[in-house]
Amino acid sequence: MAAPIDRAALLDRLRDTPQWDLVVIGGGATGLGVALDAAARGFTVALVEAEDFAKGTSSRATKLVHGGVRYLAQGNVSLVREALHERATLLANAPHIAQPLAFVLPAYRWWEPAFYGIGLKLYDALAGRRGLGATELLSAAKATAALPNLKQPRLAGGVRYWDGQFDDARLAVTLARTAVAQGAAVLNHCPAKGLLREEGQVRGVHVRDAETGERFTLRSRAVVNATGVWVDAVRDMDREPGAPARPPMVAPSQGVHVVVDRSFLPGENALIVPKTSDGRVLFAVPWLGKTLLGTTDAPRADLPIEPRATEEEIGFVLKEAAAYLTRAPQREDVQSVWAGLRPLVKPDDDAGSTKKISREHTVIVGRSGLVTVTGGKWTTYRAMAEDVMRRCFEAGLLPERGGGDATSSLRLVGAPAHAGGTLAQPPGEHLYGEDAAALRALPGAGHWLWRDGNGGFSEAMLRFAVRHEMARTVEDLLARRSRLLFLDAARAEALARPVAELLGQELGRPVPENEILAFESLARRYRGLPEAPAVQPSLRSA
Ligand SMILES: Cc1cc2nc3c(=O)[nH]c(=O)nc-3n(C[C@H](O)[C@H](O)[C@H](O)COP(=O)(O)OP(=O)(O)OC[C@H]3O[C@@H](n4cnc5c(N)ncnc54)[C@H](O)[C@@H]3O)c2cc1C
């Protein structure tokens, strides 16, 4: 098991290291993947995250590890093949938090089983020996057995195929811990406030420890901007004095998920609707003891760290689900609702060395040497990190090292030989893999703050999160170490104070009242209720 992680010791390293090889700004899937890849190649690496790991888009995914079957319909075979490769790699390297899942596509028109079946057989063929299970055509009776709550009238049959699912925020924290185990200094609640520029070149990052207000500068040979939808704010820090602002690189699009009771999707399979009334894909996925429904896709002009789902979006998801489910969830059945911003990349304007990689993501090396990466998806974070490293080598920012493959067989911290449970079950010890024994040894292993089936969130899990997983706030604990805010926001709100009490014990200082109030207000937002006028922490004010 990896050793506990001491924030004070990490801060000392950040302060005392005269020069890093690489500093990464942003602790979502993309930045954490880059930090891990670089550390595994033996570079000295620091990563700073303004809020918490996966606080941005990376905790708000549909939780699918997927090849992107819809890209196949667009003829983008190489993109699908690569994502299928990454799907298998992730499932092998983190079997406690990324696992196979069967999806059933219901067919209401006679030609649909054959039509979708052919495409999905091709999907299997592209996965080759890394496939997770064979696609099968289902009769109407078998489709109903697979999805017992499916609407019967006119059901012609269905198709069952395999992809994967994961716990996104816990994977992010696991990547952070693995990067630390590989020698990286990875810090949350530490925003980048500016870039150190010398002779027109980026030579480091000015950061601020949000807990103490202390500011210091990290000198570095290469700086990677992996701030998701916020990349333009960091690119703006790279502007020559007096130069006009560049047009934004990212156009955000909002996706909303709605969480309802598991009983709305009985059985072990997920439901996929390939074409909703607005032409998108809709999923109903069994996840951590609940059913997750989503998602929508709507352009947004602003970039809030906590985007709010509109009633219209919630209504859309429920309406589309109701078209397929006999017992359909109503508005009052919604236990949590959350929104995430997808970074859609506009054509690049930077006249420096630029290149659009032939995948969904984009890597740009600006004239100043600032490397910006955005777009892509969680599933391909590892391949994206390899691309970023390749660009750093090509641009001469770092000496080429470690070959092309530092992480494909690197098992993540805690990875067991075999998963001890599924991601459809309520959260429990099985999500800790090899760390479960250490978890059990902590005080409060039998004291459940929240109980669901054989799992939930125990006092020992809370203590583990603070000591080993860098949790610093009530929100870190209830939103991203346990996923209670995303599963049942009312229960998360009710737990804010008991959690703050135990967190205070672990940190050796009381949790400020305004932090508790801010979390309770946030939980009301996830319940879809109006918030109390409490202060929400934001990227800009940090
Ligand atoms: C609705 C939705 C559903 C999705 N579903 C899936 C799915 O099922 N499967 C899949 O593979 N992909 C999915 N994706 C895509 C996937 O979630 C994203 O591609 C991925 O999370 C992006 O990660 P990121 O690290 O680039 O961005 P983020 O996760 O947003 O990380 C950027 C980080 O930078 C930090 N930051 C910003 N400014 C600063 C600063 N100044 N200093 C320090 N840190 C800063 C932010 O706090 C944030 O944590 C989905 C996306 C959306 C929107």
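The values are calculated or read from the model by the stated rules, or taken from the named source; none is laboratory data. Predicted model only: the values in this text are computed from it and were never measured. Virtual Cβ from ideal backbone geometry, glycine too; neighbours counted across all protein chains shown.
Name the residue that is surrounded by the fewest Cβ atoms within 10 Å (Cβ to Cβ), counting only residues in the stretch 229-265 that are within 12 Å of the ligand (Cβ to nearest atom), farther than 30 Å from residue 333 by Cα and not acidic (Asp, Glu).
233
Somewhere in the stretch 416-427, is a residue modelled with pLDDT of 95 or more and more than 27 Å from residue 164 (Cα to Cα)?
No: the stretch 416-427 contains no residue that is modelled with pLDDT of 95 or more and more than 27 Å from residue 164 (Cα to Cα).
In the stretch 93-111, which residues are touching a residue at least 60 places away in the same chain (Cβ under 8 Å) and away from the ligand (no atom under 13 Å from the Cβ)?
First pass over the stretch 93-111, keeping only residues touching a residue at least 60 places away in the same chain (Cβ under 8 Å): 93-106.
Result: 93, 94, 95, 96, 97, 99, 100, 102, 104, 105, 106.
Looking at 483, 509, 524 in this structure, which one is crowded, with 24+ Cβ neighbours inside 10 Å, modelled with pLDDT of 95 or more and charged (D, E, K, R)? Please lay out each step first, then the result.
Values: 509 fails: crowded, with 24+ Cβ neighbours inside 10 Å; 524 fails: crowded, with 24+ Cβ neighbours inside 10 Å.
Criteria check complete, one pass: 483.
Consider residue 199 carefully, then state whether it is surrounded by fewer than 20 Cβ atoms within 10 Å (Cβ to Cβ) and closer than 27 Å to residue 304 by Cβ. Working first, answer last.
On the way: surrounded by fewer than 20 Cβ atoms within 10 Å (Cβ to Cβ): yes; closer than 27 Å to residue 304 by Cβ: no.
No, not satisfied.
Of the residues 144, 174, which is without any contact (Cβ under 8 Å) to a residue 12 or more places away in the chain and surrounded by 16 or more Cβ atoms within 10 Å (Cβ to Cβ)?
Answer to the check: 144.
Find all pairs meeting these conditions: Cβ atoms under 8 angstrom apart; at least six residues apart or on different chains; first residue within the stretch 50-78 and under 19 Å from residue 164 (Cα atoms); second residue in a strand (DSSP E or B) and away from the ligand (no atom under 12 Å from the Cβ).
69/161
In the list 433, 453, which residue meets the criterion of being under 21 Å from residue 413 (Cβ atoms), touching a residue at least 24 places away in the same chain (Cβ under 8 Å) and not aliphatic (A, V, I, L, M)?
Values: 453 fails: under 21 Å from residue 413 (Cβ atoms).
It is 433.
Which of the residues belonging to the stretch 65-88 are surrounded by fewer than 23 Cβ atoms within 10 Å (Cβ to Cβ), among the hydrophobic types (A, V, I, L, M, F, W, C) and under 14 Å from residue 100 (Cα atoms)?
88
Considering 164, 157, which residue is crowded, with 20+ Cβ neighbours inside 10 Å and within 23 Å of the chain's Cα centre (by Cα)? Explain how you work it out, then say what you get.
Details: 157 fails: within 23 Å of the chain's Cα centre (by Cα).
Exactly one residue qualifies, and that residue is 164.
Only one of these conditions is not met by residue 209: (1) surrounded by 24 or more Cβ atoms within 10 Å (Cβ to Cβ); (2) more than 10 Å from the ligand (Cβ to nearest atom). Which number is it?
All conditions pass for residue 209, except number (1).
Could you tell me whether any residue of the stretch 470-477 is touching a residue at least 40 places away in the same chain (Cβ under 8 Å), crowded, with 21+ Cβ neighbours inside 10 Å, in a helix (DSSP H, G or I) and charged (D, E, K, R)?
yes
Considering the stretch 284-304 alone, what residues qualify as being more than 16 Å from residue 253 (Cβ to Cβ) and surrounded by fewer than 23 Cβ atoms within 10 Å (Cβ to Cβ)?
Answer for the stretch 284-304, where residues must be more than 16 Å from residue 253 (Cβ to Cβ) and surrounded by fewer than 23 Cβ atoms within 10 Å (Cβ to Cβ): just 289.
Which ones in the stretch 384-401 are small (Gly, Ala, Ser) and either under 17 Å from residue 220 (Cα atoms) or at pLDDT below 95 (or both)?
The first filter runs over the stretch 384-401 and keeps only residues small (Gly, Ala, Ser), leaving 385, 395-396.
395, 396 - these are the residues of the stretch 384-401 that are small (Gly, Ala, Ser) and either under 17 Å from residue 220 (Cα atoms) or at pLDDT below 95 (or both).
So is residue 54 away from the ligand (no atom under 16 Å from the Cβ) and modelled with pLDDT of 95 or more or not? Step through it out loud before you land on a result.
Numbers: away from the ligand (no atom under 16 Å from the Cβ): no; modelled with pLDDT of 95 or more: yes.
Spelling it out, it is not the case that residue 54 is away from the ligand (no atom under 16 Å from the Cβ) and modelled with pLDDT of 95 or more.
With 67, 27, 42 as the choices, which residue is modelled with pLDDT under 95 and assigned to a loop (DSSP other than H, G, I, E, B)?
Numbers: 27 fails: modelled with pLDDT under 95; 42 fails: modelled with pLDDT under 95.
None of the others qualify; the one that does is 67.
Within 10 Å of the ligand (Cβ to nearest atom), hydrophobic (A, V, I, L, M, F, W, C) and within 18 Å of the chain's Cα centre (by Cα): is that true of residue 287 in this structure? Steps first, please.
Working: within 10 Å of the ligand (Cβ to nearest atom): no; hydrophobic (A, V, I, L, M, F, W, C): yes; within 18 Å of the chain's Cα centre (by Cα): yes.
The answer is no for residue 287.
Yes/no per residue for (1) out of contact with any Pro (no Cβ under 9 Å at 6 or more places or on another chain); (2) assigned to a loop (DSSP other than H, G, I, E, B); (3) without any contact (Cβ under 8 Å) to a residue 40 or more places away in the chain; (4) over 19 Å from residue 61 (Cα atoms):
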residue: 241; (1), (2), (3), (4): yes, yes, yes, yes
residue: 244; (1), (2), (3), (4): yes, yes, yes, yes
residue: 248; (1), (2), (3), (4): yes, yes, no, yes
residue: 256; (1), (2), (3), (4): no, no, no, no
residue: 266; (1), (2), (3), (4): no, yes, no, yes
residue: 272; (1), (2), (3), (4): no, no, no, no
residue: 284; (1), (2), (3), (4): yes, no, no, no
residue: 305; (1), (2), (3), (4): no, yes, no, no
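Considering each residue of the stretch 501-531, count those that are of a type outside the set (A, V, I, L, M, F, W, C), under 22 Å from residue 458 (Cβ atoms) and touching an Asp or Glu at 6+ places or on another chain (Cβ under 6 Å), and give that number.
1
Consider residue 89 carefully, then state whether it is assigned to a helix (DSSP H, G or I), modelled with pLDDT of 95 or more and within 12 Å of the ligand (Cβ to nearest atom).
Values: assigned to a helix (DSSP H, G or I): yes; modelled with pLDDT of 95 or more: yes; within 12 Å of the ligand (Cβ to nearest atom): no.
For residue 89, the condition - assigned to a helix (DSSP H, G or I), modelled with pLDDT of 95 or more and within 12 Å of the ligand (Cβ to nearest atom) - is not met.
Would you tally the residues in the stretch 4-29 being in contact (Cβ under 8 Å) with a residue 40 or more places away in the chain and either aliphatic (A, V, I, L, M) or more than 26 Å from residue 416 (Cβ to Cβ) (or both)?
Qualifying residue count for the region: 18.
How about the stretch 219-239: which of its residues are in contact with a helix residue (DSSP H, G or I) (Cβ under 6 Å, 6 or more places away or on another chain) and in a strand (DSSP E or B)?
222, 224, 225
Quick check on this structure: which one of 226, 179 is surrounded by 17 or more Cβ atoms within 10 Å (Cβ to Cβ) and within 12 Å of the ligand (Cβ to nearest atom)?
On the way: 179 fails: within 12 Å of the ligand (Cβ to nearest atom).
That would be 226, the only listed residue that is surrounded by 17 or more Cβ atoms within 10 Å (Cβ to Cβ) and within 12 Å of the ligand (Cβ to nearest atom).
Being crowded, with 23+ Cβ neighbours inside 10 Å and touching a strand residue (DSSP E or B) at 6+ places or on another chain (Cβ under 6 Å) is the filter; apply it to the stretch 91-103 and report the residue that is farthest from residue 145 (Cα to Cα).
Of the stretch 91-103, the ones crowded, with 23+ Cβ neighbours inside 10 Å are 94, 96-98, 101, 103.
Among the residues that remain, those that are also touching a strand residue (DSSP E or B) at 6+ places or on another chain (Cβ under 6 Å) are: 97-98, 101, 103.
Numbers: 97: 27, 98: 25, 101: 16, 103: 13 Å.
Top of the filtered list is 97.
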